[in-house]
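Visitor: Take a look at this one; I'll ask things after.
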Amino acid sequence: MTSIIRKSPSTGKGSPEVWGIYEADTGSVQYIVADPMTRKAALIDVVQNFDPKSAKTSFASAEEVLGLVEQNQLTVEWVLDTHPHADHLMASHYLKEKAGAPNAIGKKTCEIAKLWSEYYNLPSAFNPAKDFDYLFDEGDSFNIGELNVKVWLSPGHTLGSITYVIGDSAFVHDTFMFPDSGTSRADFPGGSSHDLWNSLQRILELPDTTRLFVGHDYGKNGREPQWEATVAQHKQSNIHLADNVTEDEFRNTRDTRDATLSLPDRMLHALQVNLRAGKLPLKEDDGHHYFKIPANKF
């Protein structure tokens, strides 16, 4: 497969090298974050490929990411996700097995699991504490090589989304979009435009030169996909946040926009996989996996 791949170089001590790998089917951006000194790396929000028409899964994107890791002589220390994605299946468990590295997500994923267990009528199906090695909480920190990583709870898109702040970079998932596309939707179960506003404002308090890496881009007006912009660029030109917009104005824009959006075509398949760290539902007595899709609930 051929993806758009761009490297954002380190700017000096404590600053990571970042590769963004664009997955066109879902408009998702997957990341490799590496310490230039030790060549230790983390993988963030890597996609498990899925065809919603045939319900066929594959790991071509994950293998492409692992190939880039090998090409750059990196060692994977972490497999990270920012939240249980609604628009793509995650490759967390697969990468954990392939790379021999622990996987992690936010602690409030347990609350998201409880919420979705009710939608699926599967009261005991999801146990994030079992399927992820680490459940990060607000204020936690860890290292990638010699790079320090701070964990921020950044709810809004989901109630348990987290941001990874690493030196002069932050992986802000579905909070910001690229400046010309504004911000991410906040209407999924557990989402909140009020919480999203607060998360966005906190991120904008980072130094102006901080590189913000977003979770998605859809090539607005036919331009090439983009996923990196600085805090200063968002302050100046983000279409949902520039010109001293108030919270009420932002929420009106966001909520009005969200009311026009349909569900992602993979959402009802994805959540029951992602709440298992990317593992399919257990095999049934014929040796096959089956999705459970709620009817008339959305």
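The values are calculated or read from the model by the stated rules, or taken from the named source; none is laboratory data. Remember, predicted model here, so these are calculated numbers, not experimental data. Counting neighbours? That spans all protein chains shown, and the Cβs are built from the backbone with ideal geometry, glycine included. SASA here: full protein model, heavy atoms, side chains in, ligands and nucleic acids out. Shrake-Rupley method; radii C 1.70, N 1.55, O 1.52, S 1.80 Å.
Visitor: Between their Cα atoms, which of Lys53/Lys114; Lys98/Lys220; Lys53/Lys107; Lys114/Lys297; Lys53/Lys108 are more than 23 Å away from each other?
Guide: Beyond 23 Å: Lys53/Lys114; Lys98/Lys220; Lys53/Lys107; Lys53/Lys108.
Visitor: Here's something else I'd like to know. Roughly speaking, to the nearest percent, how much of the chain's 1.4 Å accessible area is carbon and sulfur?
Guide: Working: 6300 of 13180 Å².
Carbon with sulfur: 48 percent of the solvent-accessible area.
Visitor: Moving on. Multiply the residue separation of Asp208 and Glu63 by 0.36 nm, subtract the distance between their alpha-carbon atoms, and state the gained length in nm to one decimal.
Guide: Additional length available on full extension: 48.7 nm.
Visitor: Something else about it: So, for region 51-200, what is the accessible surface per residue at a probe of 1.4 Å, expressed in square angstrom?
Guide: For region 51-200, the solvent-accessible area averages 38 Å² per residue.
Visitor: Let me ask another. Stretched out fully, how many nm does the piece from Glu111 to Glu247 gain, at 0.36 nm a residue minus the Cα gap?
Guide: 46.3 nm
Visitor: On to the next question. Straight-line reach from Lys279: which aspartates and glutamates have a Cα under 12 Å away, not including same-chain ones fewer than 8 places off?
Guide: Glu97, Asp131
Visitor: Mind putting a number on the dipole of the chain about its Cα centre? Charges go on the C-beta only, +1 for Lys and Arg and -1 for Asp and Glu, and I need it in Debye to the nearest 20.
Guide: Dipole size: approximately 280 debye.
Visitor: Moving on. If Lys and Arg each add +1 and Asp and Glu each add -1, what is the summed charge of the other residues whose beta carbon sits under 13 Å from the beta carbon of Val165?
Guide: Here the count lands on -1.
Visitor: Another question, then. Measuring from label point to label point, each 7 Å out along Cα→Cβ, what is the Asp180 to Ala259 span in nm?
Guide: 2.9 nm
Visitor: Along the Cα→Cβ direction, 7 angstrom out, place labels at Lys98 and Glu138. What is the inter-label distance in nm?
Guide: In this crude label model, Lys98 to Glu138 measures out at 3.5 nm.
Visitor: Please compute the per residue accessible area over region 222-284 with all protein chains in place, 1.4 Å probe, rounded to a whole number of Å².
Guide: On a per-residue basis, region 222-284 sits at 54 Å².
Visitor: If you don't mind, another one. I need the Kirkwood Rh of region 138-282: take the reciprocal of the average 1/r across all distinct C-alpha pairs and report it in angstrom.
Guide: 16.1 Å is the Kirkwood radius here.
Visitor: Give me the three principal axis extents of the chain from the C-alpha atoms, as integers in angstrom, largest value leading.
Guide: Computed over the chain, the largest-to-smallest principal extents equal 56, 47, 38 Å.
Visitor: May I ask for the net charge around Gln30, where only other residues with Cβ less than 10 Å from the Cβ of Gln30 are counted and Lys, Arg are +1 while Asp, Glu are -1? It would help to have the intermediate numbers written out before the result.
Guide: Values: positive: none; negative: Glu23, Asp45, Glu64.
Residues near Gln30 contribute -3 overall.
Visitor: If you build the convex hull over the alpha carbons only and average its shadow over all orientations, what do you get for region 162-245? Give it in nm² to one decimal.
Guide: The orientation-averaged projected area of the Cα hull of region 162-245 comes to 5.5 nm².
Visitor: Mind giving me the FRET efficiency for Ser54 and Leu122? R0 is 25 Å, r the Cβ-Cβ distance, nearest 0.05 is fine.
Guide: 0.60
Visitor: For q values of 0.22, 0.23, 0.28 Å⁻¹, compute log₁₀ I(q)/I(0) with the Debye formula on a Cα-only model of region 234-298, without solvent.
Guide: The calculated log intensity ratios at q = 0.22, 0.23, 0.28 Å⁻¹ are -0.93, -0.97, -1.16.
Visitor: Could you order peptides 288-297, 185-194, 130-139, 49-58 by the average number of other Cβ atoms within 10 Å of their residues, highest first? The partial results should precede the final answer.
Guide: Details: 288-297: 10.6, 185-194: 19.5, 130-139: 16.1, 49-58: 12.9.
Per-residue mean Cβ counts within 10 Å order the peptides as 185-194, 130-139, 49-58, 288-297.
Visitor: Suppose each label sits 7 Å from its Cα in the direction of the beta carbon; what would the Asp286-Asp25 distance come out to in nanometres?
Guide: 2.3 nm
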